[in-house]
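Trainee: Have a look at this one before I ask anything.
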Amino acid sequence: METYPAVEAHGLIGDLQTAALIAKDGTLDWFCAPRFDSPSIFGGLLDRRKGGHFQVSPYGIDYRSTQLYLPGTPILITRFLSADGVGELIDFMPVAGDHATDRHRLVRLLRVVRGSMTFRLDCRPGFNYGRDPYELEGHEGGVIFRSRTISLTLNVVRFDERLPGERDRKRSNTEGIQMIGTLREGQAGGVVLDTGSSEPPRAYAPEEAAELLEQTRDFWRRWLARSQYTGRWREMVERSAMTLKLMTYAPTGALIASPTAGLPEQVGGERNWDYRYTWVRDASFSVHALLSLGFTDEARGYLRWLNDRVREAEDERSPLQIMYRVDGSPDLTEEVLDHLEGYRGSAPVRVGNGAASQLQLDIYGEVLNALHLADARGLHISHQAWLNTVRLMDWLCDNWDQPEDGIWETRAGRQDFTYGRLMSWVAFDRALRLSHRLGRPADTTRWTNARNGAYEQIMSRGFHSGRGAFTQHYATDILDAALLVMPSVDFVAPTDPMWQSTLRVMDAELVSDSLVYRYDPAASPDGLPGNEGTFSMCTFWYVEALARSGRLDDARLTFEKMLTYSSQLGLYSEEIAPDGEQIGNFPQAFSHLSLISTAVHLDRHLEGRA
């Protein structure tokens, strides 16, 4: 593994408790266990020498490679094409189930479908972000890598009498294990990686490996069959839905923002964050996206997780934290891994997230909007959950009108962010709707006064008459793409002259050939050096704003252009660089959530016109 593959040149696999990234050259360069937020076992994506990797690729020949998913599944197929043969590497993780476990399996199967091909397997773990040494034990059926905290077992899959190249196996505490062997048309082999196993390595029979593949395939196709979406762009919508499912921690229902940490928003820059946690905001958005496709179980699971966080906040008489670990714990202490060079030299590499303690008032609007949408779809709020909600709204009544850190987690000090006030208005409005619809008791007079106060403040202080636009906060004339949601949350009519003017100013200043910047860091310092790319979620929000404002042709063209920026596998990172490269953590839940919601909304608009 000599160089860093492009971020978008990866496929995602997972078992609903953790996930792995496989590069187009067959390298497993990101895998954490036993959970998404655990230390990495393979972290070559953040340091190609120290992080650890497991590469499976053709040896001694010129070849090109491509990737695809087995249709209707997240089973990844990497194809190696050469003049003398075609080989395929099939990567997948059998589903781990709804109970937390240290046991996770990652299956890597090789086969040759034409001619012959020599392969090299190079497995070099980097336990605990490459910090922990390990011992290597050789056995008849494979090897065990033992670190001080976790073990990794490599089991061989014997499709022939012996694994090709078994005699060439090397054992070294520093160099891992390497194997070289040749397969001919119709032959196959492979390995099963197993974390947390107390058993010695063993040889898997081919029938057993085939059964694991079939079980994984059938699980995902059954799950996808529950989708009720039949509109345009169905393949992209379903791939996004599967990606979100892969990023959901099944034991609690929590959705992480991304399975990766430290991938830069600007290559070589310092904007490198750990996204392996559950943001209240992101997961609340997921309720709308998942319900629009008919995935009620996933929405219900997240709502249970959310209610637990609301109850805990009430018990401790504290506001909601903006993010948590997948098990709900609040400790996300930020740490710099200064022994890692970072992706393509992008340092520092951070794990944990110091933004967890920020005050971001918008999350209350996202939470209440999720509860409101869920109730409208039959996921009714319980008595205890309503009591927790009432206490949450009472806290917001006392605290909405103050400076905060904002949706973009800037580190330049608190401001009166317009988006935070907007979503506070949403929180009061949706709470009032729930109270009236369900006949639940609440201090609705106080909530109404707070809602009206937020509305009047935004209209009087959030709109800059000189710019003719709603601005990022009350003390600036800078724009903020987060405000693209104003019509979709029913705060302002899409035909309102104030909104139409705002959209035109955003067209001119935040939009670059259909892609949307969230704000201008140079004009609105956020406490961090460097620049960033366009924000994929904001581009999808822009599409919906165009459609709601009557610019349907512009909306469709912008959406179609945005689809061309996806990876070969239909995946999106957080941002897109000026040259079209995907940057930031990958894949990103925000991007896929907004793709689903925008596709559903735009399809309805197009059907209405037709």
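The values are calculated or read from the model by the stated rules, or taken from the named source; none is laboratory data. Predicted model, so just to flag it, every value in this text is computed and none were measured. Virtual Cβ from ideal backbone geometry, glycine too; neighbours counted across all protein chains shown. SASA here: full protein model, heavy atoms, side chains in, ligands and nucleic acids out. Shrake-Rupley method; radii C 1.70, N 1.55, O 1.52, S 1.80 Å.
Trainee: Do we have any residue at all in segment 230-240 that's open to solvent by 40 Å² or more (accessible area, probe 1.4 Å), of a type outside the set (S, T, N, Q) and free of Cβ contacts under 8 Å to residues at least 40 places away in the same chain?
Mentor: yes
Trainee: For the list (1) open to solvent by less than 20 Å² (accessible area, probe 1.4 Å); (2) more than 23 Å from residue 286 (Cβ to Cβ), I need the number of the one condition that residue 355 fails.
Mentor: (2)
Trainee: Among the residues of segment 241-261, which ones are open to solvent by 10 Å² or more (accessible area, probe 1.4 Å) and assigned to a helix (DSSP H, G or I)?
Mentor: Of everything in segment 241-261, just one residue is open to solvent by 10 Å² or more (accessible area, probe 1.4 Å) and assigned to a helix (DSSP H, G or I), namely 245.
Trainee: Check off (1) part of a helix (DSSP H, G or I); (2) over 24 Å from residue 575 (Cα atoms) for residue 442 and give me the number that stays unchecked.
Mentor: Against the list (1) part of a helix (DSSP H, G or I); (2) over 24 Å from residue 575 (Cα atoms), residue 442 comes up short only on (1).
Trainee: For segment 16-45, enumerate the residues that are surrounded by fewer than 22 Cβ atoms within 10 Å (Cβ to Cβ) and closer than 21 Å to residue 327 by Cα.
Mentor: Hits for segment 16-45 are 16, 34, 35, 38, 39.
Trainee: In this structure, does residue 301 turn out to be in a helix (DSSP H, G or I) and either surrounded by 20 or more Cβ atoms within 10 Å (Cβ to Cβ) or outside the structural domain of residue 41 (by the TED database) (or both)?
Mentor: Yes.
Trainee: Can you pull out the residues in segment 573-590 that are free of Cβ contacts under 8 Å to residues at least 60 places away in the same chain and either open to solvent by less than 30 Å² (accessible area, probe 1.4 Å) or not assigned by the TED database to the domain that holds residue 534 (or both)?
Mentor: 580
One line per residue, one yes/no per condition, for (1) more than 28 Å from residue 367 (Cα to Cα); (2) surrounded by fewer than 16 Cβ atoms within 10 Å (Cβ to Cβ):
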{"residue": "495", "(1), (2)": "no, yes"}
{"residue": "499", "(1), (2)": "no, no"}
{"residue": "503", "(1), (2)": "no, no"}
{"residue": "507", "(1), (2)": "yes, yes"}
{"residue": "522", "(1), (2)": "yes, yes"}
{"residue": "550", "(1), (2)": "yes, yes"}
{"residue": "557", "(1), (2)": "yes, yes"}
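Trainee: Out of 209, 225, which single residue is without any contact (Cβ under 8 Å) to a residue 60 or more places away in the chain and of a type in the set (Gly, Ala, Ser)?
Mentor: After ruling out the rest, the residue left standing is 225.
Trainee: Another question, then. For segment 2-30, which residues satisfy the criterion of being among the aliphatic types (A, V, I, L, M) and at negative phi?
Mentor: Result: 6, 7, 9, 12, 13, 19, 20, 21, 22, 23, 28.
Trainee: Then there's this: Could you list all residues from segment 313-348 that are exposed (fewer than 14 other Cβ atoms within 10 Å of the Cβ), at positive phi and at pLDDT 95 or above?
Mentor: Scanning segment 313-348 gives a single hit, 345.
Trainee: Quick one: which residue in 602, 546, 606, 595 is surrounded by fewer than 22 Cβ atoms within 10 Å (Cβ to Cβ), farther than 24 Å from residue 347 by Cα and of a type in the set (A, V, I, L, M, F, W, C)? Show your work before the answer.
Mentor: Details: 602 fails: surrounded by fewer than 22 Cβ atoms within 10 Å (Cβ to Cβ); 546 fails: surrounded by fewer than 22 Cβ atoms within 10 Å (Cβ to Cβ); 595 fails: surrounded by fewer than 22 Cβ atoms within 10 Å (Cβ to Cβ).
Matching residue, one of 602, 546, 606, 595: 606.
Trainee: If the requirement is being out of contact with any Phe, Trp or Tyr (no Cβ under 8 Å at 6 or more places or on another chain), in a helix (DSSP H, G or I) and modelled with pLDDT of 95 or more, which of these qualifies: 437, 421?
Mentor: The conditions single out 437.
Trainee: On the given criteria, is residue 83 without any contact (Cβ under 8 Å) to a residue 60 or more places away in the chain, in a loop (DSSP other than H, G, I, E, B) and hydrophobic (A, V, I, L, M, F, W, C)?
Mentor: yes
Trainee: Restricting attention to segment 81-92, does a residue exist that is modelled with pLDDT of 95 or more, surrounded by fewer than 20 Cβ atoms within 10 Å (Cβ to Cβ) and of a type in the set (S, T, N, Q)?
Mentor: Among the residues of segment 81-92, at least one is modelled with pLDDT of 95 or more, surrounded by fewer than 20 Cβ atoms within 10 Å (Cβ to Cβ) and of a type in the set (S, T, N, Q), which makes the answer yes.
Trainee: Can you find a residue that is of a type in the set (A, V, I, L, M, F, W, C), surrounded by fewer than 24 Cβ atoms within 10 Å (Cβ to Cβ) and touching a Lys or Arg at 6+ places or on another chain (Cβ under 7 Å) anywhere in segment 370-377?
Mentor: Looking for residues that are of a type in the set (A, V, I, L, M, F, W, C), surrounded by fewer than 24 Cβ atoms within 10 Å (Cβ to Cβ) and touching a Lys or Arg at 6+ places or on another chain (Cβ under 7 Å), one finds none in segment 370-377, hence no.
Trainee: Tell me the residue from 326, 310, 267 that is among the β-branched types (Val, Ile, Thr) and either assigned to a helix (DSSP H, G or I) or not assigned by the TED database to the domain that holds residue 406 (or both), please.
Mentor: Within the list 326, 310, 267, the selection yields 310.
Trainee: State the number of residues belonging to segment 462-507 that are in contact with a strand residue (DSSP E or B) (Cβ under 9 Å, 6 or more places away or on another chain) and either part of a helix (DSSP H, G or I) or of a type in the set (Phe, Trp, Tyr) (or both).
Mentor: 16
Trainee: Additional query: Evaluate the following for residue 132: is it open to solvent by 10 Å² or more (accessible area, probe 1.4 Å), part of a loop (DSSP other than H, G, I, E, B), modelled with pLDDT of 95 or more and not β-branched (Val, Ile, Thr)?
Mentor: Details: open to solvent by 10 Å² or more (accessible area, probe 1.4 Å): yes; part of a loop (DSSP other than H, G, I, E, B): yes; modelled with pLDDT of 95 or more: yes; not β-branched (Val, Ile, Thr): yes.
Yes: the conditions hold for residue 132.
Trainee: Return the residue satisfying two criteria in turn: it lies in segment 439-492 and is open to solvent by 50 Å² or more (accessible area, probe 1.4 Å) and within 34 Å of the chain's Cα centre (by Cα), and of such residues it is farthest from residue 544 (Cα to Cα).
Mentor: 475
Trainee: So, one more: Quickly run through segment 281-298 and pick out the residues that are within 21 Å of residue 18 (Cα to Cα) and modelled with pLDDT of 95 or more.
Mentor: 295
Trainee: Can you list the helices (runs of 4 or more DSSP H) lying wholly within segment 536-610 that have 3 or more residues being small (Gly, Ala, Ser)?
Mentor: It comes to 536-548, 589-609.
Trainee: Right, next: Here are the criteria: (1) open to solvent by 50 Å² or more (accessible area, probe 1.4 Å); (2) at pLDDT below 95; (3) assigned to a loop (DSSP other than H, G, I, E, B). Tell me which single one residue 171 does not satisfy.
Mentor: All conditions pass for residue 171, except number (3).
Trainee: Another one. Tell me which of these residue 23 doesn't satisfy, since it passes every other one: (1) in contact (Cβ under 8 Å) with a residue 40 or more places away in the chain; (2) in contact with a Pro (Cβ under 7 Å, 6 or more places away or on another chain); (3) closer than 21 Å to residue 587 by Cβ.
Mentor: (1)
Trainee: Still on this structure, please answer the following. Could we say that residue 264 is modelled with pLDDT of 95 or more and surrounded by fewer than 24 Cβ atoms within 10 Å (Cβ to Cβ) here? Before you say what the answer is, go through the steps one by one.
Mentor: Values: modelled with pLDDT of 95 or more: yes; surrounded by fewer than 24 Cβ atoms within 10 Å (Cβ to Cβ): no.
Against the criterion (modelled with pLDDT of 95 or more and surrounded by fewer than 24 Cβ atoms within 10 Å (Cβ to Cβ)), residue 264 does not qualify.
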